[in-house]
Amino acid sequence: MPLNIVLVADTHIPKRAKDLPAKVWAAVESADVVFHAGDWVQAEVLDKFQERSRSLVGVYGNNDGPDLRARLPETARITLDGVRFAMVHETGQAKGRELRCEALYPDADVLVFGHSHIPWDATSPAGLRLLNPGSPTDRRRQPACTYMTAIIDAGRLAEVRLVEVTRE
């Protein structure tokens, strides 16, 4: 049975938005597993994700204070249907990212990260898939706010899709 995954990062609530758009909450509620790659900003946002997600994997980001850091790890690892995920908020500059992350996460098939608000989908020479869903609330210099969906089927990452979010 395929697993439906939602990837979000950099929600920055309430600094960049009062709440997530309804489209994002609907995706979170329908997903089998939700990944949040940090910069929640308020613990209440983590609480809402925990209430609305079937299964939540999260890490803290650079804008998350002591309350969130006490509840979340800096790096998370989980295996879903044989696919090994790692997640961290920051990976450093874009130049050399694939090789650097390949060395840091040799036991992962997929690395989920955030921080830049820039969507990223790349594969390292050794096959590590790097995914940054962007931000559903703060597009910065991007054309739109975004998050990602993915499907794990038969032990492999079968589909990754970048989803644009319009302001409500």
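Any read-out appearing in this document is the output of simple, stated calculations on the displayed coordinates, not a laboratory observation. For clarity, every value in this text was computed on a predicted model and none was experimentally measured. Glycine also receives a Cβ, built like all others from the backbone with ideal geometry; neighbour counts cover every protein chain displayed.
Points worth noting:
- Cα gyration tensor shape of the chain, rounded if a/c is under 1.5, else prolate or oblate by comparing a/b with b/c: rounded
- For region 72-146 versus region 7-71, the gap between their alpha-carbon centres in whole angstrom: 16
- Listed peptides 60-68, 110-118 by packing density, highest first (mean Cβ within 10 Å): 110-118, 60-68
- Among 5, 13, a tally of other beta-carbon atoms within 10 Å of each Cβ gives an order, fewest to most, of 13, 5.
- Computed helical MRE - 222 nm, the chain, DSSP H runs ≥ 4 contributing -39500 (n - 2.57), nearest 500: -5500 deg cm²/dmol
- Of all beta bridges that DSSP places with both ends in region 29-168, some 70 percent have antiparallel geometry.
- Residues within the reach of a label modelled at residue 94 (point 7 angstrom out along Cα to beta-carbon, backbone nitrogen below 11 Å), restricted to region 142-168, are 142.
- Paramagnetic label zone (point 7 Å from Cα along Cα-to-C-beta, residue 156; backbone N under 19 Å) in region 98-117: 108-111
- Label point at residue 62 placed 7 Å out along Cα→Cβ; residues across region 19-53 whose backbone nitrogen lies under 18 Å: 37-42
- Mean Cα-pair separation over length for region 40-150, i.e. relative contact order, pairs under 8 Å, 6 or more apart, %: 16
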